[in-house]
1. Find the helices (runs of 4 or more DSSP H) located wholly in region 219-307 whose residues include 1 or more that are open to solvent by less than 10 Å² (accessible area, probe 1.4 Å) and aliphatic (A, V, I, L, M), and list them.
2. Just to be sure, is Ala312 farther than 23 Å from Ile459 by Cβ and either surrounded by 22 or more Cβ atoms within 10 Å (Cβ to Cβ) or within 16 Å of ligand 3 (Cβ to nearest atom) (or both)?
3. Give me the pairs, please: first residue somewhere in region 421-449 and hydroxyl-bearing (Ser, Thr, Tyr), second residue anywhere and more than 16 Å from ligand 2 (Cβ to nearest atom), beta-carbon distance under 8 Å, and either six or more positions apart or on two chains.
4. Determine which member of the set Thr341, Thr387 is more than 16 Å from ligand 2 (Cβ to nearest atom) and of a type in the set (Ser, Thr, Tyr).
5. With respect to Ala356, determine if the residue is of a type outside the set (Val, Ile, Thr), away from ligand 1 (no atom under 16 Å from the Cβ), touching a strand residue (DSSP E or B) at 6+ places or on another chain (Cβ under 7 Å) and more than 18 Å from Gly259 (Cβ to Cβ).
6. Six or more apart or on different chains, Cβ atoms under 7 Å: show the pairs whose first residue is in region 340-352 and open to solvent by less than 10 Å² (accessible area, probe 1.4 Å) and whose second is near ligand 3 (Cβ under 9 Å from one of its atoms) and among the charged types (D, E, K, R).
7. Take region 253-288 and flag every residue that is out of contact with any helix residue (DSSP H, G or I) (no Cβ under 6 Å at 6 or more places or on another chain), touching a residue at least 24 places away in the same chain (Cβ under 8 Å) and more than 11 Å from ligand 1 (Cβ to nearest atom).
8. Do we find that Ile327 is touching a helix residue (DSSP H, G or I) at 6+ places or on another chain (Cβ under 7 Å), more than 22 Å from Ile438 (Cβ to Cβ) and more than 16 Å from ligand 3 (Cβ to nearest atom) in this structure?
Amino acid sequence: MKFTVTTKSIEEARADALIVLQTEDGMAGKTKNKKIAAHIAAFGRAVTARKTAAEWFCTLEPEANAATAHLLLDSVSFGTWLPPREKLKTTACRAGEICRKYSLKRLAIACHVKDAAAFASDVAEGLALGDFRDTRFKSEPNGRPELRVQFLVRQRDATSVRAALKETQPICEAVNEARELVHAPNNVLTPDALAKRARAIAKKSGLECDVLSERALERQGYNLILAVGAGSVHPPRLIILRHKPSKKPAVRDHIVLLGKGICFDTGGYCLKQSHNMHTMNNDMGGAAAVIGAMQAIAALDLPVRVTGIVPAAVNDVDAKAYHPGSILTAKNGKTIYIENTDAEGRLVLADGLARAGEEKADIVIDFATLTGSAAAALGPQIAALFTDDEPLAGALLTSGTETGDYLWRLPLVRDYEALLAHTLADMSNIASGGGGAIHAANFLKAFVPEGIRWAHLDIAGPATYKNNTRYFTPGATGYGVRLVTRALLGWTRKRT
Ligand code: BES
Ligand code: ZN
Ligand code: ZN
């Protein structure tokens, strides 16, 4: 999708479709052309007069300007429960869908509102994420023409709108990259293929990339990653991406983003039931979030040092696979009794946390499709946040509300820690009783190296959607990319 910003008026713009949205701020299209103005005003009145809010209101009215279809959409009354910015993105997505339906490729969007930069950014995001279709695995990939979108702005808003789009566009591209990674089937996206993709992204974006082979993992004592990956013919990898800012860092802290990269989770010997197992190529949604975020962070050259760490493995069944009842020694020396081979994510992350310590992280944020329990508790649209660090919680919760990557904080219950104890080993990899997401988080907490600030996001719910949701078609969402990139963006800005 191509975005441009122009100070042309509604009458001057050359496009296949002129899009005017009703916003909280009134109709977003102002014009001196009486006929078009009357048309827009009539729409605004009609929207205001309607009491029921559930439906879209849209006209395809070529009459006011013969060459251009006029799309007027009400972004206020649609989905009244949604925050205004999410409504706007969803409406923009709908406008894009209508344009696709009528093969309208050149879109002009009027941005005559108070905060034109925020408006244009949200519209761009709704269009870019809403227009994403993954046809790579069809025998005949459906090559749709690129949409070309012009934002019509007032002179005084041109600079701020351009600056906003310069951030939003690479973030959306990174979200869509993460969605492609998650969609890639397990026979295609092996740990090695994921590492190769990460390397290609690194090269394109100016990130440094290190990949540890199985041999290197053995030499360096990553026994948990090795154990989880032992049952697969596709050996595990540890992928490391580094962003070193070209400018003087505005934030002193070294941030590590850690992502669960299970390319397929059969459950191992504690085999999953077959009806949903096929979805478990999504079990690298955390890895995709980290790789996508690293791409965006590099593209924006954020003035902060960020390192992405992705332990990648396939949890499979085989004579060489790890077994329930084994006792393993983690990279940090702790011993773990394997009570359930399906609780594999926390194991690879435990070794990933040890690496974060070696990298001298100040802050670690991990992303993982870790437990069915988080998805059951919060449903498909909300991730579970666990942290004892109040400023980190505040920053992530705020970013969640602002970006639409929603999260809800759950407690790291101290009293439950004892439930992970084991008579023979230092810990068991599961706890008995309910509260699975909390036990998993408590397990990770035990592996956070001393002195590191840490937050854990269980994204088992929002990594993928089964149904059309806001501006997402069913499938991967790229959850986490916007959340963490925008959180860091805000952070670096505050400190400069
Ligand atoms: N990858 C799964 C969690 C998951 C489930 C993600 C459903 C997305 C949708 C994870 O490895 C797992 O199997 N967790 C178990 C843990 C249990 C054995 C303690 C779970 O949540 O049931
Ligand atoms: Zn599992
Ligand atoms: Zn898993």
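1. Working: elements: 223-229, 274-277, 285-299.
Per the criteria, 223-229, 285-299.
2. Numbers: farther than 23 Å from Ile459 by Cβ: no; either surrounded by 22 or more Cβ atoms within 10 Å (Cβ to Cβ) or within 16 Å of ligand 3 (Cβ to nearest atom) (or both): yes.
Judged against the criteria, Ala312 is not a match.
3. From region 421-449, the pairs are Ser428/Tyr337; Ser428/Leu420; Ser428/Ala421; Ser428/His422; Ser432/Leu419.
4. On the way: Thr341 fails: more than 16 Å from ligand 2 (Cβ to nearest atom).
Being more than 16 Å from ligand 2 (Cβ to nearest atom) and of a type in the set (Ser, Thr, Tyr) holds for just one of Thr341, Thr387, which is Thr387.
5. Working: of a type outside the set (Val, Ile, Thr): yes; away from ligand 1 (no atom under 16 Å from the Cβ): yes; touching a strand residue (DSSP E or B) at 6+ places or on another chain (Cβ under 7 Å): yes; more than 18 Å from Gly259 (Cβ to Cβ): no.
For Ala356, the condition - of a type outside the set (Val, Ile, Thr), away from ligand 1 (no atom under 16 Å from the Cβ), touching a strand residue (DSSP E or B) at 6+ places or on another chain (Cβ under 7 Å) and more than 18 Å from Gly259 (Cβ to Cβ) - is not met.
6. Qualifying pairs under 7 Å: Glu344/Asp265; Gly345/Lys260; Val348/Lys260; Leu349/Lys260.
7. Going residue by residue through region 253-288, those that are out of contact with any helix residue (DSSP H, G or I) (no Cβ under 6 Å at 6 or more places or on another chain) are 253-255, 266-281, 283-284, 286-287.
From the residues that got through so far, the ones that are touching a residue at least 24 places away in the same chain (Cβ under 8 Å) too are 253-255, 266-272, 279-281, 283-284, 286-287.
Within region 253-288, Asp253, His254, Ile255, Tyr269, Ala287 meet the criteria.
8. Values: touching a helix residue (DSSP H, G or I) at 6+ places or on another chain (Cβ under 7 Å): no; more than 22 Å from Ile438 (Cβ to Cβ): yes; more than 16 Å from ligand 3 (Cβ to nearest atom): yes.
In short, no.
The values are calculated or read from the model by the stated rules, or taken from the named source; none is laboratory data. On a predicted model such as this, the values are computed, not experimentally measured, just so you know. Glycine gets a Cβ as well: all are built from the backbone with ideal geometry, and neighbour counts include every protein chain shown. Side chains are part of the model used for accessible areas, which takes the heavy atoms of the whole protein and leaves out ligands, DNA and RNA. Shrake-Rupley method; radii C 1.70, N 1.55, O 1.52, S 1.80 Å.
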